[in-house]
Every structure is written in structure tokens, then in C-alpha cells.
1. GNM, the chain, Cα, under 10 Å: largest mean-square fluctuation among Tyr141, Tyr236, Tyr45?
2. Under a crude label model (7 Å from the Cα following the beta-carbon direction), how far is Tyr23 from Met231 in nanometres?
3. Given the options Asn138, Asn112, Asn64, state which has the largest fluctuation in a GNM of the chain using a 10 Å cut-off (strictly under) for Cα springs.
4. Mind checking which of Leu85, Leu113, Leu131 has the largest fluctuation in a GNM of the chain, springs on alpha carbons under 10 Å?
5. Give me the number: length gained by fully extending Ala204 to Thr59, i.e. 0.36 nm times residue separation minus the C-alpha to C-alpha distance, one decimal in nm.
6. Evaluate the distance, in nm, between pseudo-label points positioned 7 Å from the Cα of Ile37 and of Leu289 along their respective Cα→Cβ axes.
7. Amide H of Tyr49: which non-local residues (sequence gap of 5 or more, or other chain) have their own amide H closer than 5 Å, using H built in the peptide plane?
8. Taking the Cα atoms of the stretch 56-196, report the difference between the largest and smallest coordinate on each principal axis, in whole Å and largest first.
Amino acid sequence: MTRNLPKRLSRERLLSESMTERYMLAPALIALAIISIFPLLYMIYISLYDYTMSVNHPTFVGLNNWIRVLKSSTFWASWQRTGMLAGTGIVLQMLLGIGVALVIYQLPKGQNLVLTFFMLPVFVAPIVAGLLGRFLLNSTYGFYAWILGLFGYTGEIFATPLGAVIGIIAIDVWEWTPLITMIVLAGLQSMDTETLEAASIDGATYWGKLRYVTIPLASRTILVALLVRMMDILRYVDTVKIITEGGPADATKIAGYHLMEVAFRFQSFGQAAVLGIIMIAVISVLGKLFIRLMGRGVM
């Protein structure tokens, strides 16, 4: 009995500390639940009603809003465009961001100075970035349009569906690649340097260390950067609104812009709530998927 007494005391102490931590966290968790759960429940409530600004008393319509949204070709087309933007823009951002992070990581001096200048686009508001991109790509006085003119392209970039998509992707890559660089660089700087030194002593080449040591060690940080951009691309509205307003011919009407248009242009808040719930569901699924990947140590 006396031998088991210290173990019982230690267990009781751990249990007491655990309960204390829970009690201390309870107010924050309750506040977070109220902030997160109540709006979601209210969105579900609105999705069941014909809710517009012109109607004083919303009409209960059941699942009609859900049926109309899921049967809408505009809804599916907007998600296809979002997938294309994510599949193209985010891939470019990840490749460029990781590449620049590796270059900055190898610098013997001035890493913070170089990163500070490279991070400037991130500090620009998305609307300002959109206006700047629209100015630089203007066919009359835009600097980038002038460069394209040297290669024989003289048309208005945002006048055609393909040009508008390419322009939006280019602006998104320019603005958010530095964020990927910063996140990945933070992961690189927190790596265990002894592993890299051991690989160098064993005669590993740069590309060998990059593939078998550096990337695996920084894989979780890279997944975090990818998750941040995947979640952010779903609410990508500002730049599209200021440059193309979803055009031409709905070529840039992505999911986030479609939701905004349904809510504030057509004022169909019931259908907008459905679109918002679907977007939250997609973000939740992506979050759980990436958390599982990080837990398994992918890459």
C-alpha cells in the first residue's frame, strides 16, 4: 500500500492540474463556441427561408434554397473556376515561395532585409493590389503591358476570358507568394542543423539533402502554408471585384464572388446562406485533411 501511495498522489495531482487547466480555458472556449456556433446556426436558419431585404416577414421554404443552389449551373461553374485558380495559382505560389525561401535561407547575411523587401506585396490591401495590377496591366500605359508589347502582344489583357483569368492568377501569385516564402523560411530556420551537417559529412549533394532531408523536415510547415492559401482562396473576392467584377463572360466569377453577388446584388440571403455553409464545409474538410497529413508526416 505504501509503495502505491506516491503513484496515486501523482495521478491525483495530474488529474487536479488537468481539471484546473480545463476550468481556466472554459471561458475562452465558451466565448469561441458562441462566436463560431451561433452564426453557423443562424446561417442554417436563414437557408430555410426566402429571406430578402424587400420582405419584412421571411417565408419558410424548407430545402428549396438548397435545391435551387445545387441545381444552378452558375454554382458549379464558380467552383470549377475556384478549383482552376487554386490548382494553378497556388501551385505557382508554392513552387516560387519554396524556391525563394531556399535562396534566402542560403544567404550568409541580410536574410531579414531581403525578406522585408520581398514581403511588401503582402502588406498591401487586396483592393490596392488589384488596382495596382490593373494599372500595370493596362494596355495603354501599363508597364507590364509594355513589356508584353515587346513580345508582340498589344491587346487588352482583361478584355478576353483567358486574359482575365491569367491576369487574376498573376496578381494573386505576385501578392501572396511572399507569404508562402515567409512561412516556409520560418520552418527552414527551425530545422535541426545537425541532421543537415551529418548529411554533408556523409557526402550528400545539395539536391540529395534537399530531397531527403530539407523537404521532409520542413514538410509540416509547407503543409501549413498550403492550407492557409487553400482556405484563403475560397474567400478571394477583393481583387476580382476591383478588376473584372466576375467577367468577362463570367470567366472570373469564382465561388467567393458568386456568394457576394447572390447576397448583395440579388439580395437572396437564403441562397447566400446556403453558399456560405457549403464554403464552410469545404474549408472544414480541407482543414481535417491537412491535419491528418501533418500527423502522418507526409513528404
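1. Greatest mean-square fluctuation among the candidates belongs to Tyr141.
2. Distance between the two pseudo-spin positions: 3.2 nm.
3. Looking only at Asn138, Asn112, Asn64, the biggest GNM fluctuation is shown by Asn112.
4. Sorting by GNM fluctuation, first place goes to Leu113.
5. The span from Ala204 to Thr59 would gain 45.3 nm if fully extended.
6. The two pseudo-label positions are separated by 2.8 nm.
7. Sorted by chain and number, the residues that satisfy this are Val61.
8. The Cα atoms of the stretch 56-196 stretch 65, 45, 28 Å along their principal axes.
No value in this document is a laboratory result; all are computed from the given coordinates. Predicted model, so just to flag it, every value in this text is computed and none were measured. Note that each Cβ is placed from the backbone with ideal geometry, even for glycine, and that neighbours are counted across all protein chains shown.
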